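Structure first, then comments.
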Amino acid sequence: MEKSEAGRLLEQAREMWEAQEWLRSAELYEQVLAHYPDEGPSAAWWYDAALAHKFLRNWAKACELGREAAARSPRGEQDPAFWNLGVAATIQRDWATARDAWEGFGIPMPEGEGEINGAFGPACVRLDTGGEREVVWIQRLCPTRGRVMNVPATKGRRFGEIVVHDGEPTGERTYKGRPVAVFDELLLFEASSLPTLHTTVHAADASDVDALVDAFFARGFGAEPASGFHMLCACCSEGRIDYDETGVPTHSGSQTVWLAAPEAEARQLLDAWAAGGERGWEGLELFG
């Protein structure tokens, strides 16, 4: 391929990129890269081709091209080629490549091999299940993967499931006075076996509801009172929300509580809780 022809194809690739014709753009970049894989700007071409396949959710291809982009990018300097490769490799469960990509980006990894299950701190993820959007807290297991620590009120989503999120923040929350990024979900990585139930509880004091939540979490289950949910418009959700776990009031009186637990265990915990004071519950049902 003559360089003049390569230049024409690169111009077309950029035009297709601007038009968000991701597949065609990637194809044009790959045509050029087949002949000029190591030109001065080729790292950017590999990166754009890989990113196009990320947008298409073609993770195998994003991983394949991402390896080429990362191989031509500087290590330890937070180059985005390594980040996108880390995401694609994680989704492909290619843990050796994922570990190397995160190290290449500049993030130390836990010792060992295989699946990454570290303690990377809290974050928030905006779940998206065909129109319903809900922000939940996660405990990050790696730079792009985390376990859901709320009981979602969105049908079909569950406490304890593991999700993969994107790397660009789309909002901010606070946790113990510190800012925490909100990321958009890319996919559900691992489902949770815990069903979601809901019940109506009656409590004389807010501390009674807190005691119920604590009882469920002590058993590795989840509980989420209705008073803990905040309805936000899309604009506010993608902005900065200044509240943390100590700033969300728990209400007394009667309210719905979402629970993540097997039904038999949920009934036992509810009965034990109700026996501890002026408390009661009714109408335990499967949610969703």
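Where a number appears in this text, it was derived from the coordinates with a stated rule and is not lab data. This one's a predicted model, so the numbers in the text were calculated from it and none came from an experiment. Positions of Cβ are backbone-derived with ideal geometry, glycine not excepted, and every protein chain shown enters the neighbour counts.
At most 11 other Cβ atoms within 10 Å plus a DSSP loop assignment makes a site exposed; report the longest stretch of the chain without any exposed GluC sites (Glu not before Pro).
114-244
Taking the range 69-88 and a reference point 7 angstrom along Cα→Cβ of GLU115, the backbone N atoms nearer than 18 Å belong to 87-88. Between the listed residues GLY40, LEU186, GLN12, the Cα displaced farthest toward the positive end of the dipole of the chain, a dipole computed from Cβ unit charges relative to the Cα centre, is found at LEU186. Counting only alpha carbon atoms, the long axis of helix 206-218 and the longest principal axis of the chain meet at about 60°. Taking 0.36 nm per residue of separation and subtracting the Cα-Cα distance, full extension of the segment from GLU282 to ASP214 would add 22.6 nm.
Which entry is the computed Cα extents along the principal axes in Å for this structure: [x] 55, 45, 42; [y] 83, 41, 34; [z] 72, 44, 30? Evaluating Cα extents along the principal axes in Å on these atoms matches [y].
Expressed as a fraction of 2.2 N^0.38 Å, the C-alpha radius of gyration for the range 11-161 is 1.16. Fully extending the segment from MET149 to ALA44, taken as 0.36 nm per residue of separation minus the present Cα-Cα distance, adds 34.0 nm.
Each label was represented as a point 7 Å from its Cα along the Cα-to-Cβ direction; for ARG133 and ALA71 these points are 3.9 nm apart.
Compute the Cα gyration tensor for the range 122-190, then decide on rounded, prolate or oblate, letting a ≥ b ≥ c be the square roots of its eigenvalues: rounded whenever a/c is under 1.5, prolate when a/b is larger than b/c in the other cases, and oblate in all that remain.
Rounded, since a/c falls under 1.5.
Would you please classify the overall shape of the range 44-119 from the alpha carbon gyration tensor, given that a ≥ b ≥ c denote the square roots of the eigenvalues, rounded means a/c under 1.5, and beyond that prolate means a/b larger than b/c while oblate covers the rest? Cα axes put the range 44-119 in the oblate bin. The longest stretch of the chain left intact once loop-based chymotrypsin sites (Phe, Trp or Tyr not before Pro) with at most 16 other Cβ atoms within 10 Å are removed from consideration, loops following DSSP, is 1-228. Working from Cα pairs under 8 Å separated by at least six residues, relative contact order for the range 3-105 is 19 percent.
Restricting to DSSP H runs of at least four residues, report the calculated mean residue ellipticity at 222 nm for the chain, -39500 (n - 2.57) per run over all residues, nearest 500 deg cm²/dmol. The partial results should precede the final answer.
Numbers: 9 runs with 107 residues, N = 288.
Computed ellipticity for the chain at 222 nm equals -11500 deg cm²/dmol.
Axis angle, to the nearest 10 degrees, between helix 22-33 and the longest C-alpha principal axis of the chain: 40 degrees.
In this structure, GLU103 and GLU265 have a Cβ-Cβ separation that, at R0 = 45 Å, corresponds to a calculated FRET efficiency of about 0.65. Report, to the nearest 10°, how far helix 80-91 tilts away from the longest principal axis of the Cα atoms in the chain, using its own Cα long axis and a range of 0 to 90°. The helix 80-91 is inclined about 60 degrees to the chain.
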